[in-house]
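Here's the structure we're looking at; comments come further down.
The values are calculated or read from the model by the stated rules, or taken from the named source; none is laboratory data. Just so you know, these numbers come straight off a predicted model, no measurement behind them. Here the Cβ is made from the backbone with ideal geometry for all residues, glycine too, and neighbour counts use every protein chain on show.
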Amino acid sequence: MWEELLKAFSLSYLPSMFKFILGPLGGYAAGVHVVTAMVSTFAGMMTIVVVMVYSGNWFRERVMNRLFPARRRFSERSRRLAMIWRKYGLAGVALLTPLVLTPIGGALVAVSFGGPRQKILLYMTVSAAVWSVVLNAAVYFFGQQLPDIQKWLLGLIG
């Protein structure tokens, strides 16, 4: 049991904090149960979302403004994010966070555009739960047709 939890933590929970799809892929590569991979993928995304929601403004003001001090012009990416926010709102950002944005990026976008904390957490929770089930089911179902994925992922980590 502890071995499975340790595998899920290191290969599903931690990677899904930075890129959501790495959670299901890591869980499959480690051979953990699909439900364990779903829960750890969901928990990984939600951990970083909670951290960013409660410290996002501080992070943006202190870290990002120091790294990119003269960044006042609009890029193509920032225009796309603003268009998504105007067209679909917080629900659209939450829906796209696991697929296109990273959990950190999606939470920072939601905080930057002024979404209320409780709504951000609610929408991100629903999105993480749905996408965790869908992506883990897809990876575990189609994983047998991708025999090299396990070798590739295990080669990346050790």
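Below is a table of values for the structure above.
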read-out	value
Hey, L153 modelled with pLDDT under 80 and surrounded by 15 or more Cβ atoms within 10 Å (Cβ to Cβ) or not	yes
Total residues in the stretch 112-147, condition at pLDDT below 85 and closer than 23 Å to A82 by Cα	4
Residue, modelled with the lowest pLDDT, within the stretch 33-65, restricted to residues that are farther than 21 Å from P116 by Cα and of a type in the set (S, T, N, Q)	N65
Enumeration of residues in the stretch 90-110 that are touching a residue at least 24 places away in the same chain (Cβ under 8 Å), assigned to a helix (DSSP H, G or I) and not aliphatic (A, V, I, L, M)	P103, G106
Helices (runs of 4 or more DSSP H) lying entirely in the stretch 1-48 (those with 2 or more residues that are surrounded by fewer than 15 Cβ atoms within 10 Å (Cβ to Cβ))	2-8
Extreme residue, farthest from the chain's Cα centre (by Cα), among residues of the stretch 88-109 that are more than 22 Å from Y13 (Cα to Cα) and modelled with pLDDT of 85 or more	G89
Selected residue [hydroxyl-bearing (S, T, Y), modelled with pLDDT under 85 and closer than 23 Å to V134 by Cα] from S10, S78	S10
